[in-house]
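A.B. asks: One structure is given below, represented as structure tokens, and several questions about it will come after.
Every number here is computed from the coordinates shown, using simple stated rules; none is lab data. No experiment lies behind these values; they were computed from the predicted model shown. Quick reminder, even Gly has a Cβ in these numbers, built from the backbone with ideal geometry, and neighbours come from all protein chains shown.
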Amino acid sequence: MKGLFRKLGLTSGGSEADLEGESPYDNVITSTAPLTSTTNGAQMAKTQKELVQIDNDTIKVLIVGDSGTGKTSLIKNYTTGKKNVTRPTVGVEFIQRNIEVGEKSYKCQFVDSAGQDIFQSITQKFYHGSHAVVIVYDVTKPDTWHNVRKWLKNVQEHGSESVIVNVIGNKIDIQARHITTEEAKEYCDKVDLGYFECSAEVGTNVENTFDETVVHVLKAAGVKNPIIEK
Ligand SMILES: Nc1nc2c(ncn2[C@@H]2O[C@H](COP(=O)(O)OP(=O)(O)OP(=O)(O)O)[C@@H](O)[C@H]2O)c(=O)[nH]1
Ligand SMILES: [Mg+2]
């Protein structure tokens, strides 16, 4: 096992029709598949405001950002370890992964949202129940970077007090980038967000970024575990 955690299963499924339950997260469907991982510890997200509550050992992560920034590609890369062909997401898609942290097993439920405006009323339902929200922008597209502020505002309006927010600058494999690491990091430091850069195309830093997001949720929940305390 090369990764920080041992990932046990992959779940995928769900749609708009799944939003009827008490919490939209209640309806994630589960199945099992193997996965690979390569992780080094790296940057950690920032401070949380109050102790995070983890019920039923389930960690809930919502992924938002403009359409085409690579949200689906990132989460598919994280859960399959491979490059995936994607098409624009309709509504939301669910992917669940079971993660072993030492002796303990956690269910990680990822909600991959559609970036297009017409789907935002659906995405809105998922902010509140999320332990973490990951905002993705495309380092080659300035508009997607400026819209990080819009996504952050949505988190602040609809998310819980204790939510952890990380930003991913994706597509760093493309030479013609328009947003520098320094500029993005300076903003994220200022507003207290974790900042990561990835390429879903090549797989750069994807494993580490989502692992660190999970670690930060566990730490924010006061979980004591030698693996996450390293
Ligand atoms: N070069 C490069 N292309 C990428 C990368 N990540 C995603 N793409 C491409 O960008 C396009 C959009 O990727 P998606 O993952 O579907 O984007 P999305 O954010 O899920 O889009 P919506 O579902 O519409 O919100 C696809 O053609 C991907 O192959 C990356 O890291 N590098
Ligand atoms: Mg998508």
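A.B. asks: Of the trypsin sites (Lys or Arg not before Pro) in region 71-159, which ones lie in a loop per DSSP and count no more than 12 other C-beta atoms within 10 Å? Walk me through the intermediate numbers first.
C.D. replies: Values: sites: Lys71, Lys76, Lys82, Lys83, Arg97, Lys104, Lys107, Lys125, Arg149, Lys150, Lys153; in loops: Lys82, Lys83.
Here the trypsin sites (Lys or Arg not before Pro) that fit, given the DSSP loop and packing criteria, are Lys82.
A.B. asks: Moving on. Find the all-direction average of the projected area of the Cα convex hull for region 34-220, expressing the result in square nanometres with one decimal place. Could the numbers behind the result be given before it?
C.D. replies: Details: hull surface 39.8 nm².
With the hull built on Cα positions only, its mean projection is 10.0 nm².
A.B. asks: Let me check I've understood the local charge: for His146, count other residues with C-beta under 13 angstrom from its C-beta, Lys and Arg +1, Asp and Glu -1. What total comes out?
C.D. replies: Working: positive: Lys141, Arg149, Lys150, Lys153; negative: Asp66, Asp138, Asp143, Glu183.
Summing Lys/Arg as +1 and Asp/Glu as -1 gives 0.
A.B. asks: Right, another one. Among Asp192, Asp138, Asp173, which comes first, then next, by fewest other beta-carbon atoms within 10 Å?
C.D. replies: Numbers: Asp192 12, Asp138 23, Asp173 15.
Going from sparsest to densest Cβ surroundings: Asp192, Asp173, Asp138.
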